[in-house]
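Asks: Provided herewith is a single structure, encoded as structure tokens, for subsequent inquiry.
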Amino acid sequence: MACGNDNPKARLRQEIGKRLAALGQDEIRRRSALACGHLLDRYANPGSVMAYLALPGELDPAGAIAMWRAKGVTVAAPRIDWETKAMTPAILTGDRGQLVETRHGLREPSPDAPELAIDQIGLLIVPGLAFTACKARLGRGGGFYDRFLSRLGAKAKTVGLVLSCQIVDEIPIEPHDRSVDAVITEDGPV
């Protein structure tokens, strides 16, 4: 396996990181609100949802999460098992979802938050560093979402939520990489 700049995925991750840094947090927040509006237009009543909790510099689905929760939609977020590199959907409860900060600045539901059965997920909001118009996804390299997507039932819709500057023509794909059903940006569906 190649390292550093010899690795096409590493080069693309680096390029996307530069694009996001050039936007700045205020612009990312503004564009996040627009993207959440498009997401809610398309998936107003999704049943139950699992959505990521944004890291700094990442499109933030918090606006959509808040609207769904206000409507009584069950919303879960990933709880990470770092040893097995697995994610479990844990329901956001309480006013702020009772979040705890874990490794790498990730926020996740507290250990006592109830789990949502994977077969109950109607909509999965998937983060990514880049997506293509064909719905291919480039993650951060840990494989957490690829493993989770491979376990997800057929009834669940999967949506990549990113900024338009993260849409690229091509992503190097490996056999374990999983695509999504739809991609939405601040400009609308891709």
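Asks: Can you put ARG19, ARG30 in order of Cβ neighbours within 10 angstrom, beginning with the fewest?
Replies: ARG30, ARG19
Asks: With the crude spin-label approximation of a point 7 Å out along Cα→Cβ, what separation in nm comes out for GLN98 versus SER150?
Replies: 3.2 nm
Asks: Here's another thing I want to ask about it. With 10 angstrom as the radius, rank ILE118, ILE171 by how many other C-beta atoms surround their C-beta, starting from the fewest. Show your work: numbers first, answer last.
Replies: On the way: ILE118 17, ILE171 20.
The order, fewest Cβ neighbours first, is ILE118, ILE171.
Asks: Using the count of nearby Cβ atoms within 10 Å as a rough guide to exposure, how do MET67, MET87, MET50 rank from fewest to most? The partial results should precede the final answer.
Replies: Numbers: MET67 16, MET87 20, MET50 28.
By the 10 Å Cβ count, ascending, the order reads MET67, MET87, MET50.
Asks: Average the reciprocal distances over every distinct pair of alpha-carbons in region 4-189, invert the result, and give the Kirkwood radius in Å.
Replies: On the way: mean 1/r = 0.0601 Å⁻¹.
For region 4-189, inverting the mean 1/r across all distinct Cα pairs yields 16.6 Å.
FYI, it's all coordinate maths here, none of it is from the lab. Just so you know, these numbers come straight off a predicted model, no measurement behind them. Cβ atoms come from the backbone with ideal geometry, glycine included; neighbour counts cover every protein chain shown.
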